[in-house]
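S.K.: First, the structure itself, so that you have it in front of you.
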Amino acid sequence: MNINFGYARVSTNEQTADRQIAELLKYVTDERYIYVDSASGVTNDRPDLKALKRAIRKGDHLYIHELDRLGRTKEVIKQELEYFRDQGVIVHFLDVPTTMIQFGEYGKFEKNILELINTLLIEVLTVQAEQEYLRSSKRRSEGILEAKKRGVKFGRPRYTYPIEMNQWYQEWKSGKITAVAFRKRLNLSNSGFYKIIKRYEEERMF
């Protein structure tokens, strides 16, 4: 039986993927099949995307909220799309309506036309996504430079534990909740989760 998977991504641990997940659940019946990364779209360090690739199979459908959630640059997006297509996975982007059409409802000719339209449309949109990313990066760099001139200090903010941290930690250690469930409550990536847990356990020793 084919499965509908979902993939969401936010750029930092401080952002939430709740809006993306809510939209994906309209097409993915079980939240277990939605993979969420907290990472830049240009990095290869996306543990949940790697886990998704291990789980998804030929004939499965993959739903993604927006094209740039798969990647920020044309090269990255095309690379990921080619991977899933080579695996026989059908990819849908919620913000690209033609990719949401179910090909099974059409004949071979109509299917070929739709695939051509999607290929051309995604080509254009990937270029736009990359240009927007470059513009945003330039504005951000210029803003940081100006702020540094004014004496503003920058650095990665320290992760703040939620008030339920101890309760959730105890539930996880006793086996009442899984690491995946605990990680999602903390809104952390897989790698980020274990870094925070290590820090939390070290702090508990003092």
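S.K.: Which entries of 53/74; 50/195; 74/195 show an alpha-carbon separation above 22 angstrom in the structure shown?
M.R.: Pairs exceeding the cut-off: 74/195.
S.K.: Report residue 158's accessible area, 1.4 Å probe, all protein chains in place, as a number in Å² to the nearest 10.
M.R.: 150 Å²
S.K.: Just the accessible area per residue of the range 1-93, please: how many Å² with a 1.4 Å probe?
M.R.: 49 Å²
S.K.: Turning to a different aspect of this structure: For 29, 98, what's the largest-to-smallest order of accessible area, 1.4 Å probe?
M.R.: Greatest to least solvent exposure: 29, 98.
S.K.: Further, regarding this structure: Given the convex hull over the Cα atoms of the range 1-93, what projected area results after averaging over all orientations, in nm²?
M.R.: Quarter of the Cα hull surface area: 5.3 nm².
The values are calculated or read from the model by the stated rules, or taken from the named source; none is laboratory data. Quick caveat: nothing in here was measured; it's all calculated off a predicted structure. What goes into the accessible areas is simple: the full protein's heavy atoms, side chains included, and nothing from ligands, DNA or RNA. Shrake-Rupley method; radii C 1.70, N 1.55, O 1.52, S 1.80 Å.
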